[in-house]
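Asks: Pasting in a structure now, in structure tokens, and then I'll have a few things to ask.
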Amino acid sequence: MRRSVAILATMSAVGSVSAFGFVTALLAPEAPGTKALGTNGSSIVGEFTENTGTQGFIDTGGNVVVLDVPDSFGTEVLGINSTGDVVGVFADAAGTTGFVGVGGALTILAVAGASYTEPVSINSAGEIVGSFIDPTGMHGFVDAGGNLTPLNAPSATGGTQALSVNSAGQIAGAFVDSAGLTHGFVDSGGSFTTIRYARRCGYGSHGHQR
């Protein structure tokens, strides 16, 4: 489910207005913590913490667009595609909710009935992947043009996370099986390949099973 949302930028420095309507400025050097969480090669997205809480950012050549959802406990920008569209999350009293910035328009992305929705990756076609939590557990999802489809790995009993999507629509993620073990997967058009490594003794030895 998507709906329009007004996302504001707050920053002490004055700057120009970006395509998303945010203030563009340089990050305050006194910010005690900064995380870079994604890049498209020309822009970097992530979060920084200051005395007002956690805020998201888009850094393009040293100019920073600050994203701060009003009345939230924190905002993070988690992914950006080749055209500069972004995905991220904010937390408020209702839980953790996703947002999408595509073509200059910002919308909330929330799975109906979920207490937690986290879009983490968006490809050049605008396909978005992420995870949500509802009363039955954690599930991955794919959102294509506003049509959201849950994604569950075939052997998952303890939850599925969709973590990345490429330009071909292939999805990488992780799931937990009945033994409580976490495995990676790649979903290519509905065909799942499980990625797991077997532990071996000795330095420089690696085991890879599919």
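The values are calculated or read from the model by the stated rules, or taken from the named source; none is laboratory data. What you see is a predicted model; the values in this text were computed from it and never measured. Reconstructed Cβ throughout: ideal geometry from the backbone, glycine too, with neighbour counts over all protein chains shown.
Asks: Looking at region 53-75, can you tell me whether even one residue there is among the small types (G, A, S) and under 20 Å from G173 (Cβ atoms)? Explain how you work it out, then say what you get.
Replies: Step one: of region 53-75, the residues among the small types (G, A, S) are 53, 56, 61-62, 72, 74.
Now restrict to residues that are under 20 Å from G173 (Cβ atoms): none.
There is no residue in region 53-75 that is among the small types (G, A, S) and under 20 Å from G173 (Cβ atoms).
Asks: Let me confirm something: among A13, A19, A25, A9, which residue is crowded, with 20+ Cβ neighbours inside 10 Å and modelled with pLDDT under 55?
Replies: On the way: A13 fails: crowded, with 20+ Cβ neighbours inside 10 Å; A19 fails: crowded, with 20+ Cβ neighbours inside 10 Å; A25 fails: crowded, with 20+ Cβ neighbours inside 10 Å.
Among A13, A19, A25, A9, only A9 is crowded, with 20+ Cβ neighbours inside 10 Å and modelled with pLDDT under 55.
Asks: Residues being at pLDDT below 85 and outside any loop (DSSP other than H, G, I, E, B): count how many of those fall in region 40-55. Break it down stepwise before answering.
Replies: First pass over region 40-55, keeping only residues at pLDDT below 85: 50-53.
Remaining after also requiring outside any loop (DSSP other than H, G, I, E, B): 50, 53.
Number of matching residues: 2.
Asks: Further question on the same structure: Filter region 144-178 down to the residues that are in a strand (DSSP E or B) and in contact (Cβ under 8 Å) with a residue 40 or more places away in the chain and list them by number.
Replies: Residues of region 144-178 in a strand (DSSP E or B): 144, 147-151, 160-165, 171-176.
Residues satisfying the conditions are L148, A162, L163, S164, V165, I171, G173.
Asks: Just checking, which of L106, L37 is outside the structural domain of D187 (by TED's automatic domain parsing), part of a strand (DSSP E or B), within 16 Å of Q161 (Cβ to Cβ) and among the aliphatic types (A, V, I, L, M)?
Replies: Details: L106 fails: within 16 Å of Q161 (Cβ to Cβ).
Just a single option satisfies the conditions, and that option is L37.
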